[in-house]
Every structure is written in C-alpha cells, then in structure tokens.
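The values are calculated or read from the model by the stated rules, or taken from the named source; none is laboratory data. Computed from a prediction, not measured in an experiment: that's the story for all the values here. Virtual Cβ from ideal backbone geometry, glycine too; neighbours counted across all protein chains shown.
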Amino acid sequence: MCRKDTAMQKLTKQTILTENPSEARRPASMRWAMIAAALWIPLISAAPVQACSGKALVTRAGAAFTAAARSRSASAFAGALRSHANMPSIALFALGKYRRKLPSNRKAEYVRLTSSYVARTLADFSRKFRASEVKIVNCRGNKVETKLIQLGGRPPQRVVWRVSGGKVADVNVQNVWLAQLLRNNFTSVIQKGGGNINVLFSHLGGNPGRKAKSDR
C-alpha cells in the first residue's frame with residue numbers, strides 16, 4: 001500500500017511541459033483532475049454536428065466512466081479503461097525511448113499495471129470534480145471535440161478525445177494529453193533509476209523482477 005501511495009505522490013508532483021508555457025506552471029494534481037473530469041462525465045449530449053464515427057464511442061465511454069465515478073472505485077475505472085480505452089497503445093507510448101527495454105514476456109504485466117495506475121489516479125480525483133454534461137461540438141478526423149459543462153458557475157472546458165480502432169486512444173484537457181502526461185512521468189522514473197525499466201515496475205506497484213541484459 002505504501003508503495004502505491006508513493007507512486008501517486010510522485011505523479012501529482014510531476015511537472016509537465018506543454019506548448020503554452022503558462023500551462024507548465026499549473027500543478028500536476030490540477031492536470032490530473034482535469035483529465036479525470038474529462039473521463040468521468042455525468043452526461044453526454046450531442047450538439048448539432050456532422051456525421052461523426054467517434055461520437056457513439058465517446059458517448060459509451062462517457063457512460064462507463066460516469067458509473068465508475070459514482071462508485072468511486074478504482075476497479076470500476078479499470079473496467080471502463082479496459083472496455084473503452086486503448087491501454088496497450090497508451091502504455092507503450094508512455095515508455096518513450098525506453099520501450100525497447102520492455103521484455104516481451106512482461107508486456108501484458110506492464111499494460112495491466114499501467115491501467116491500474118491510471119485507474120487509481122482517476123478514482124482519487126473523482127470526488128473532487130463535478131460537471132453537468134459534455135456536449136459534442138465537432139469531429140475532425142479521429143478527434144472528437146467536446147465541451148465540458150462544469151458545475152459551480154465555472155466556465156465550460158474544451159476537451160478533445162482521440163479515437164482509433166473503436167477505442168479512446170487519448171484525451172486532451174488544457175493542452176495536456178493523458179498519454180504524454182504518462183510518458184513524462186514514466187520516462188523520468190526510468191531515467192532517475194539509471195535507465196533500468198524494472199524501477200518503473202516498482203513505481204507502478206509491481207514486481208521489479210530481474211535486470212534485463214540491456215540494463216546490466
């Protein structure tokens with residue numbers, strides 16, 4: 001349990017660079033709260049838009065994350081991610097230049113640990129963010145642009161979903177992509193561990209295992 005708490009604390013302290021320099025100064029915890037809000041929306045409503053192949057997917061994903069948010073359960077979020085997000089692709093992208101160091105026989109374990117890590121984070125922030133609905137406002141290629149209608153009189157928030165192969169491939173809030181957030185965090189952990197990918201397994205709460213030959 002302590003190991004998981006440490007991982008979560010490290011995540012919220014991570015500094016993420018974005019295209020907008022002012023966004024780089026926004027606390028990482030706030031970025032995760034925004035991403036959590038985008039993923040566990042209480043209602044999806046479609047504004048008039050052109051034919052959109054990703055609209056149905058975003059609607060289904062929204063319903064699943066809504067149910068997970070009501071339960072405030074990490075396992076419920078993990079199920080929603082498993083059903084509607086392309087976690088294998090997101091997890092592998094997050095490794096960046098260290099992807100080649102992932103042993104093939106540990107790939108499934110790594111994807112599972114990453115999914116659990118994201119699910120725990122979303123569950124942690126699900127109590128702190130409220131929204132009334134998300135309106136689908138536009139579709140361009142593989143991106144579905146939506147507007148998050150926030151409670152408490154706060155201004156609407158633009159949220160962009162990237163879809164691919166019938167799954168959510170990524171989500172963007174305030175110029176921050178979830179996959180890039182994970183990549184910055186994961187590659188930093190590996191780098192600080194001297195390039196040893198097993199350090200990341202420990203960070204995610206898994207078994208560090210034996211050193212890969214390329215790490216010796």
- Query: Which of the residues that make up the range 126-138 are at pLDDT 80 or above and buried (at least 21 other Cβ atoms within 10 Å of the Cβ)?
  - Reply: ILE136
- Message: closer than 22 Å to ASN86 by Cβ, of a type in the set (A, V, I, L, M) and modelled with pLDDT of 85 or more: is that true of VAL173 in this structure?
- Response: no
- Among the residues listed as TYR98, TYR110, the single one being in contact with a Ser or Thr (Cβ under 7 Å, 6 or more places away or on another chain) and at pLDDT 95 or above: TYR98
- Task: From ALA69, ALA64, ALA56, grab the single residue that is closer than 22 Å to LEU148 by Cα and surrounded by fewer than 17 Cβ atoms within 10 Å (Cβ to Cβ).
- Result: ALA56
- Quickly run through the range 139-158 and pick out the residues that are surrounded by 17 or more Cβ atoms within 10 Å (Cβ to Cβ), in contact with a Ser or Thr (Cβ under 8 Å, 6 or more places away or on another chain) and modelled with pLDDT of 80 or more. CYS139
- Query: Which one of the conditions (1) closer than 19 Å to GLU109 by Cβ; (2) in contact with a helix residue (DSSP H, G or I) (Cβ under 6 Å, 6 or more places away or on another chain) does ASN198 fail to meet, given that it meets all the rest?
  - Reply: (2)
